[in-house]
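The values are calculated or read from the model by the stated rules, or taken from the named source; none is laboratory data. Predicted model only: the values in this text are computed from it and were never measured. In this analysis, Cβ positions are derived from the backbone assuming ideal geometry, glycine residues included, and neighbour counts consider all displayed protein chains. These area figures cover heavy atoms from the full protein model, side chains too; ligands, DNA and RNA do not enter into them. Shrake-Rupley method; radii C 1.70, N 1.55, O 1.52, S 1.80 Å.
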Amino acid sequence: MERTQNMMQSNSVFLLVCFGCLPLRVHACEDEHPPAVVQPVVERTLLDSDGQAVVEMKFDPRGLSGLHTSDAPTQSWMRGGDDDSRVWDYREWQWWKGHPWGDSCRPRYWTTADFSPGERQLDIHFEIDGFDCIQKFLLPEVVDKARPHWDVVTSIRNISGSDVKEYGQFFACYTKFNEPNSCWFWEAGNRLTRFLEHGVDHLDGYVVHPDAYFAASGAIPHCPRGGGKIVSTWHRPVLVSHPSPAGWRSVILIEAEYAAALAQGIRGAAMDYIVFPGPNMEVFEDQALFSVQIRHYLIKSPELPTTDTLENLWTQFEASHEAIHKLASGNN
């Protein structure tokens, strides 16, 4: 009785979920989120072939939390600045059929990540609700000064003890220079389209894998915002930002096999993506693992890049899959 009273006083409820018999905690409102862990913060620099700095970066247990180009050192790419809660490749939600969390922002607020910052590889590891996840940020030793890049490999394993259906995980990239003017995605039909053209404002429309098992249904199953409404399919899973004052654009590429959907939040200030085990993998089996490569480019392009330019970036990205996955797995 005393324990029950304490639980009621804390305004929390404990649930026992059938898969894996995992004890899970639900809070009554999002105001009760524990504070995000933002320490330690480490700095890294991307260099060109002459050893000159091209990009200055900061990382913390949430993801990439600071980004500046060397020609514009005071222009932060992060929405709200480097000290805000807005970062890139930030874990937001995961879901599956029968999950009890609704729109509670799990795992973002409800898991503590282990942060292992190496010189060229920085790892973020979190485990929550029956899923073990690791993000590996891979920084090249030398970058092209006109289009520097880095990679993230995100690996997700089902350790729940049961198969689950319709799994997805959503990641956000909060990007200052887009709001309130939307951002672009590479749409089916080989055209660059702003989400705004489909009436999308804040996570109220999604652009999905053309062969996804749910593509014809009209909605992404269990997506916690906007009912998962599908507005289009992608030609390539690529997002393009507005230019910074210095003329740089962010281009985000997601490995096609695992790119469930692209999304926009906050009128473009969030460039988001959803990953899943694959277009035909409606069931995510117990102990199964999938790993997806995400590549970030900064390109000097005051004008919107052409699809030919993006195709060139995409070809290089696809050609890198094997080497990058080997690097992330430690088998290089």
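Table for the structure above
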| item | result |
| --- | --- |
| Residues that are open to solvent by less than 30 Å² (accessible area, probe 1.4 Å), among the polar types (S, T, N, Q) and within 14 Å of Ala146 (Cα to Cα), drawn from the stretch 296-323 | Ser301 |
| Elements of type strands (runs of 3 or more DSSP E) in the stretch 246-332, at least 1 residues being modelled with pLDDT of 95 or more, of a type in the set (Phe, Trp, Tyr) and under 18 Å from Val152 (Cβ atoms) | 270-275, 289-300 |
| The stretch 211-225, residues that are surrounded by fewer than 18 Cβ atoms within 10 Å (Cβ to Cβ), among the small types (Gly, Ala, Ser) and either at pLDDT below 95 or part of a loop (DSSP other than H, G, I, E, B) (or both) | Gly218 |
| Single unsatisfied condition, Glu257 versus (1) farther than 21 Å from His242 by Cβ; (2) open to solvent by less than 50 Å² (accessible area, probe 1.4 Å); (3) within 19 Å of the chain's Cα centre (by Cα) | (2) |
| Failed criterion for Gln75 (all others in (1) surrounded by fewer than 17 Cβ atoms within 10 Å (Cβ to Cβ); (2) of a type in the set (S, T, N, Q); (3) closer than 30 Å to Val164 by Cα hold) | (3) |
| Qualifying residue in the stretch 280-292 (condition: closer than 30 Å to Thr74 by Cβ and touching a Lys or Arg at 6+ places or on another chain (Cβ under 6 Å)) | no |
| Selection within the stretch 104-123 - without any contact (Cβ under 8 Å) to a residue 24 or more places away in the chain, part of a loop (DSSP other than H, G, I, E, B) and hydroxyl-bearing (Ser, Thr, Tyr) | Thr111 |
| Number of the exception - Ser241 against (1) open to solvent by less than 10 Å² (accessible area, probe 1.4 Å); (2) under 14 Å from the mean Cα position of the chain (by Cα); (3) polar (S, T, N, Q) | (2) |
| Test result for Trp186, closer than 25 Å to Asp211 by Cα, in contact (Cβ under 8 Å) with a residue 24 or more places away in the chain, touching a strand residue (DSSP E or B) at 6+ places or on another chain (Cβ under 7 Å) and crowded, with 21+ Cβ neighbours inside 10 Å | yes |
| Among the candidates Val152, Val208, residue that is touching an Asp or Glu at 6+ places or on another chain (Cβ under 8 Å), surrounded by 23 or more Cβ atoms within 10 Å (Cβ to Cβ) and within 23 Å of Gly278 (Cα to Cα) | Val152 |
| Among residues of the stretch 36-66, those that are under 22 Å from Asp114 (Cα atoms) and assigned to a loop (DSSP other than H, G, I, E, B), counted | 8 |
| Single match in Trp101, Trp150 (criterion: in contact (Cβ under 8 Å) with a residue 40 or more places away in the chain, over 16 Å from Pro40 (Cα atoms) and assigned to a loop (DSSP other than H, G, I, E, B)) | Trp101 |
| Cβ-Cβ under 6 Å pairs, at least 6 apart or on other chains, the stretch 262-287 side surrounded by 17 or more Cβ atoms within 10 Å (Cβ to Cβ) and aliphatic (A, V, I, L, M), far side modelled with pLDDT under 95 and part of a loop (DSSP other than H, G, I, E, B) | Ile266/Glu179; Ala269/Arg79; Ala269/Glu179 |
| Residue check for Cys133: in a strand (DSSP E or B) and surrounded by fewer than 23 Cβ atoms within 10 Å (Cβ to Cβ) | yes |
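So that you can scan it fast, the table gives a plain yes or no per residue for (1) farther than 19 Å from Arg295 by Cα; (2) modelled with pLDDT under 95:
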residue: Ala53; (1), (2): yes, no
residue: Met78; (1), (2): no, yes
residue: Asp83; (1), (2): yes, yes
residue: Arg91; (1), (2): no, no
residue: Thr111; (1), (2): yes, yes
residue: Ile128; (1), (2): yes, no
residue: Phe131; (1), (2): yes, no
residue: Glu141; (1), (2): no, no
